[in-house]
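Below is one structure, written out as structure tokens, with a few remarks after it.
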2 protein chains.
Amino acid sequence: MSKQELPIIDAGVDVAGAACCAPLVCEPLSESEAAELAPLFKAIADPVRLRLLSLIACHEGGEACVCDLTVAFDLTPPTISHHLKVLKQAGLIDSERRGTWVYYWINPSMLERLAVVLGPRVAATT
Amino acid sequence: MSKQELPIIDAGVDVAGAACCAPLVCEPLSESEAAELAPLFKAIADPVRLRLLSLIACHEGGEACVCDLTVAFDLTPPTISHHLKVLKQAGLIDSERRGTWVYYWINPSMLERLAVVLGPRVAATT
DNA sequence: TCCACACATAGATATCTGTCAAATTAGAGC
DNA sequence: GCTCTAATTTGACAGATATCTATGTGTGGA
């Protein structure tokens, strides 16, 4: 399951780590960058998966077992399982079996990567 | 076409404008928040639309006419038109006809909103 | 060994989505 | 008015996706 090593998209961030602007807005996304980012956005472009991601991230200890998640939805366990698989294949979450239960936790770097593409600066203008 | 006034999702940003963390990671997304965000992410969850957004944002003057965009893809005008419509209905871009041509520009606040949900802080840890 | 429980996979199905060709609308210039 | 060009709308269709039921796979306890 090493989905980790996607070539990080540089764009729009200088050496100091200070961002000039959202890469998306800085210079046109290449075809390959777009092809690589789209599946990530697609993975979170679903209300159930957005909530799953959020539930997992906010759960005590930064991880949650499937049973914790299933009860939060009006969906059957296989459906939840399906959505978790989609998130995992995108690299947004990871999992491990511990005894009877399977635990999931998020991969923050992937989330951050998406955030940076859209706009790396803090919402300071409010 | 007033798609503007979606109730901004507060979450995770204190009064000073400094963000404590990504709302998604701060506290569980409500069902309605998720239902509202998912279509936005869905709109950008396509390689063509990602590039369209980027091309528009980066184009001189911050706007581009459809003819500028169409030539950048191996797709027919109706297909480009379809994708632009999806982006516009999501509120991510707006448009105006000026003479023969139709110009599109992005709505930065919508992009920022998505960025904030995923992670409001700058990618400082690199 | 056997059963109960947690979760995943497989298969089926209805719906959504991306694409194109054809037809339509809207301006500009003659 | 007529015609050319720009862009959108419509209709059709193949492929993807979300969901369910039924079945399979691990794990722990009696």
| Roughly how many nanometres apart are two label points built 7 Å out from the Cα toward the Cβ at B:Val71 and A:Ser109? | 4.0 nm
| note | Per the 1/(1 + (r/R0)^6) rule, R0 = 25 Å and r from the Cβ atoms of B:Glu60 and A:Ser32, FRET efficiency to 0.05 is 0.55
| note | So, in nm and shortest first, the distances from B:Val71 to its counterparts in the other copies, with label points 7 Å along Cα→Cβ, work out as 6.1
| Where along chain B is the Cβ that lies nearest the axis linking it to chain A, and how many Å separate them? | B:Ala45, 2
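Every read-out reported here was derived from the displayed coordinates using simple, explicitly stated rules and does not represent laboratory data. The model shown is predicted, which means the values in this text are computed figures rather than measured ones. Counting neighbours? That spans all protein chains shown, and the Cβs are built from the backbone with ideal geometry, glycine included.
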